[in-house]
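As structure tokens, the structure follows; a few thoughts come after it.
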Amino acid sequence: MESLTKTKSFLIKCRRVWHTLKKPTRKEFEQIAKVSAIGIVILGALGFILSMAMKAFV
């Protein structure tokens, strides 16, 4: 019975969060996409540089 109560409580919390969410505006979405793309490029470049450095020293 306790697991049913926990599940119900969890679903109530999920519903509360779902109702507070909002769809991002186009401007917000574009900004998030740009920042994410920049982060991916930086991580990829860093990985490439480290890979090349490791090959140069081995």
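The values are calculated or read from the model by the stated rules, or taken from the named source; none is laboratory data. In this text, all values refer to a predicted model and were calculated from it rather than measured experimentally. Neighbour counts are summed over all protein chains in view; Cβ atoms, including those assigned to glycine, are modelled from backbone coordinates with ideal geometry.
Here are a few things to note about the model shown:
- When 57, 29 are screened for being surrounded by 10 or more Cβ atoms within 10 Å (Cβ to Cβ) and either touching a Ser or Thr at 6+ places or on another chain (Cβ under 9 Å) or aromatic (Phe, Trp, Tyr) (or both), only 29 passes.
Yes or no, residue by residue, for (1) part of a helix (DSSP H, G or I); (2) over 17 Å from the mean Cα position of the chain (by Cα); (3) not basic (Lys, Arg):
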{"residue": "12", "(1), (2), (3)": "yes, yes, yes"}
{"residue": "18", "(1), (2), (3)": "yes, yes, yes"}
{"residue": "33", "(1), (2), (3)": "yes, no, yes"}
{"residue": "46", "(1), (2), (3)": "yes, yes, yes"}
{"residue": "55", "(1), (2), (3)": "yes, yes, no"}
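- Residue match in the range 30-41 (condition: of a type in the set (D, E, K, R) and modelled with pLDDT of 95 or more): yes
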